[in-house]
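Everything on this sheet refers to the single structure shown next.
The values are calculated or read from the model by the stated rules, or taken from the named source; none is laboratory data. Since we're looking at a predicted model, the values are computed, not measured. Note that each Cβ is placed from the backbone with ideal geometry, even for glycine, and that neighbours are counted across all protein chains shown. Heads up: the accessible areas ignore ligands, DNA and RNA and are worked out on the full protein's heavy atoms, side chains in. Shrake-Rupley method; radii C 1.70, N 1.55, O 1.52, S 1.80 Å.
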Amino acid sequence: MKKIVIFASGSGSNAENIIQYFSQKPEFCIKKIYCNVPDAYVLERAKKYHVPTCVFTREEFRNPDKLLHQLQAEETDFIVLAGFLWLLPTCITTAYPNRIINIHPALLPAYGGKGMYGHHVHEAVIAAGEKESGITIHYVNEHYDSGAIIFQASCPVLPTDTPDTLAARVHELEYAHFPRVIEETLRTK
Ligand code: GAR
């Protein structure tokens, strides 16, 4: 059985969608949700599905040997970043080459990099007058949003869009594709 852990910082709607999807797949197991925000809603969602959680501090993340050891002790095969907003430490990206994937709510390489997350991305896309946005699923390396791209899907940006309406359209793409792309990627490993 392949063991997946999810890192998330916020609401966790993608994390919940992934948990639901893989609950129907006996060859995969969502082992744990790692979270850097003690009151993030993703922790409530995890509880609902009886998925264990681990909340860590900035300090623990800056000295990540223990975290890495824990991931390895749990025999983690694959790490999924689902709305996780800190840059992963190099010791973790090095220990899991091509085994960490992230979803980004825009068409990388545009609108990526430090500070480009969640509503900031959608605000920038609308401010630039883009006609199209979308999602990018990519491998994670030691830099923000720059690992090899695995999958992209696009959606229109409408003249009437606000960051919230665009975020909702992008979220629908995330829900439709992210779990399947995780599964297909893991099956190649
Ligand atoms: C998602 O739209 C995801 O693409 C984005 O955060 C949102 C989390 O939503 N990630 C980034 O911006 C990473 N740079 P969720 O907590 O409801 O899954």
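Annotations for the structure displayed:
- Cβ pairs under 9 Å, 6+ apart, first in region 136-152 and at positive phi, second open to solvent by 60 Å² or more (accessible area, probe 1.4 Å) and modelled with pLDDT of 95 or more: Asp145/Pro109
- Of the residues in region 164-175, none is modelled with pLDDT under 95 and under 14 Å from the mean Cα position of the chain (by Cα).
- Search result, residues across region 120-152 that are at pLDDT below 95 and not in a loop (DSSP other than H, G, I, E, B): none
Matching residues to (1) crowded, with 16+ Cβ neighbours inside 10 Å; (2) touching a residue at least 60 places away in the same chain (Cβ under 8 Å):
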position	(1), (2)
Asp65	no, no
Val80	yes, yes
Thr94	no, no
Gly112	yes, no
His119	no, no
Ala124	yes, no
Gly134	yes, no
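- Of Glu59, Glu75, all but one fail to be touching a strand residue (DSSP E or B) at 6+ places or on another chain (Cβ under 8 Å), outside any strand (DSSP E or B) and either acidic (Asp, Glu) or at pLDDT below 95 (or both); the exception is Glu75.
- Every residue from region 32-56 that is of a type outside the set (Ser, Thr, Tyr), assigned to a strand (DSSP E or B) and buried (at least 19 other Cβ atoms within 10 Å of the Cβ): Lys32, Ile33, Cys35
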